[in-house]
1. If you add up the charges near P25, with Lys and Arg at +1 and Asp and Glu at -1, over every other residue whose beta carbon is less than 15 angstrom from its beta carbon, what do you get?
2. In square angstrom, what is the accessible area per residue of the chain with a 1.4 angstrom probe?
3. Roll a 1.4 angstrom probe over the protein heavy atoms and tell me the percent of accessible area of the chain that is carbon or sulfur.
4. Within region 33-66, list the trypsin sites (Lys or Arg not before Pro) lying in a DSSP loop whose Cβ has at most 12 other Cβ atoms in a 10 Å radius.
5. Report, to two decimal places, the Cα Rg of the chain normalised by 2.2 N^0.38 Å (N = number of residues).
Amino acid sequence: MTLKVSPTTAADTAYHWRDIASDPPPQGVKLQLIHARYGVAAYGTWHTGSDWTHWAPLPTFKKENQ
């Protein structure tokens, strides 16, 4: 992880949103979704025809933390 912290956010600069047009997510499962123009992420499900432009899978815990 490459962490970059600003006064309002913390971001991993080595991890990127996946482009729905070239790498569509599975339909009907919970994901992180965002529209590049609006810039506000949400949790939800994606279906063909949705207005979202990018997605990311949900994070998981490392086995030693369970």
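The values are calculated or read from the model by the stated rules, or taken from the named source; none is laboratory data. Here the structure is a predicted model, which is why all the values come from computation and not from measurement. With ideal geometry, Cβ positions are generated from the backbone for all residues, glycine too; neighbour counts draw on all protein chains shown. In case anyone asks, the SASA skips ligands and DNA or RNA and just uses the protein heavy atoms, side chains included. Shrake-Rupley method; radii C 1.70, N 1.55, O 1.52, S 1.80 Å.
1. Taking every other residue near P25 into account, the sum is -1.
2. It amounts to 81 Å² per residue over the chain.
3. Numbers: 3010 of 5340 Å².
Of all accessible area on the chain, carbon and sulfur atoms account for 56 percent.
4. Here the sparse-neighbourhood loop sites are R37, K62.
5. Dividing the Cα radius of gyration by 2.2 N^0.38 Å gives 1.24.
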